[in-house]
1. What about Val169, is it exposed (fewer than 15 other Cβ atoms within 10 Å of the Cβ) and outside any loop (DSSP other than H, G, I, E, B)?
2. Please find, among Gly176, Gly233, Gly237, the residue that is in contact with a helix residue (DSSP H, G or I) (Cβ under 9 Å, 6 or more places away or on another chain) and over 28 Å from Ala58 (Cα atoms).
3. Report yes if some residue within the range 72-82 is more than 22 Å from Val141 (Cβ to Cβ) and either modelled with pLDDT of 95 or more or buried (at least 21 other Cβ atoms within 10 Å of the Cβ) (or both); otherwise report no.
4. State whether one or more residues within the range 56-66 are free of Cβ contacts under 8 Å to residues at least 60 places away in the same chain, in contact with a helix residue (DSSP H, G or I) (Cβ under 7 Å, 6 or more places away or on another chain) and either surrounded by fewer than 14 Cβ atoms within 10 Å (Cβ to Cβ) or within 17 Å of Leu38 (Cα to Cα) (or both).
5. With respect to the numbered conditions (1) modelled with pLDDT of 95 or more; (2) more than 13 Å from Tyr236 (Cβ to Cβ), which one is the sole condition not fulfilled by Thr159?
6. From (1) out of contact with any Asp or Glu (no Cβ under 9 Å at 6 or more places or on another chain); (2) over 18 Å from Tyr132 (Cα atoms), pick out the condition that doesn't hold for Val65.
7. Return yes or no: is Leu73 assigned to a loop (DSSP other than H, G, I, E, B) and among the hydrophobic types (A, V, I, L, M, F, W, C)?
8. Considering each residue of the range 120-143, count those that are of a type in the set (A, V, I, L, M), outside any strand (DSSP E or B) and either free of Cβ contacts under 8 Å to residues at least 40 places away in the same chain or closer than 19 Å to Asp86 by Cα (or both), and give that number.
Amino acid sequence: MVRTTDIVNEARRIADLGIGVDQDGAYGTQCVDLPNYLSSYFFGKTLWGNAINLLDSAAALGYRVEYNIVGDLNSRPRAGAVFVMDTTYTAGHSYGHTGVVIEDSDGYTMRTIEQNVDGNWDSLYVGGPARYITRDFEGIVGWFYYPVDDTPASTPVTTDLYELDKPRVFTVGVEGLNVRSAPSTSAEVVANYSKGEEFNYTHYCYADGYEWLSYVSHSGERRYVASMELASGTDYGIWRYL
């Protein structure tokens, strides 16, 4: 299950590192590479065309597309949307521009993460890294949404461990996370991770109102770290594959 927070957190991770992604291996880190990377990484689907073509490309993949209705404040993208912009008049080329919306828009501005916005003279050939941007709706044609599932998770009655297909890395995004001997907030605290620290995990489970990530420590004991509050969907960090 991929959630909106997964999409936004991955885009934030790339921007926070000051890097960009070159999904198609052509012309460097272009703006279109970021949404194409997210589509491939999370859903195994490749978008085609330049930025201006993304709405048609997304629709062909079954993604939900919305078109901007100028002057209608109810026509606004939510977090996780990928906007498409006509740059014919604003930038003097017809390739378009795109980026990922990271917060629900108020209908006047969008808080986004975008690639290739540094204004390099050869930006159409080498691109530019991911940046945080706040922009208005000038030239915005519309946006599309990846097929995420934000349904609040209910707390299962079982604490059975589920094994991942391959190990993942979790980066702590809060001030501190306790490592416990069992998947419960009343279990013994055996260690602590600070914000920015990472650990590998191979299993997960749901218990005591939380999602728990699990691994076997160097001592041979199984450990548990709470990664998400189930009722609210609040994440305590981000994960990636090894």
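1. Yes.
2. Answer to the check: Gly237.
3. no
4. Looking for residues that are free of Cβ contacts under 8 Å to residues at least 60 places away in the same chain, in contact with a helix residue (DSSP H, G or I) (Cβ under 7 Å, 6 or more places away or on another chain) and either surrounded by fewer than 14 Cβ atoms within 10 Å (Cβ to Cβ) or within 17 Å of Leu38 (Cα to Cα) (or both), one finds none in the range 56-66, hence no.
5. (1)
6. With (1) out of contact with any Asp or Glu (no Cβ under 9 Å at 6 or more places or on another chain); (2) over 18 Å from Tyr132 (Cα atoms) applied to Val65, the lone miss is (1).
7. yes
8. 1
The values are calculated or read from the model by the stated rules, or taken from the named source; none is laboratory data. For clarity, every value in this text was computed on a predicted model and none was experimentally measured. Ideal geometry is used to build each Cβ from the backbone, glycine not excepted, and the neighbour counts take in all protein chains shown.
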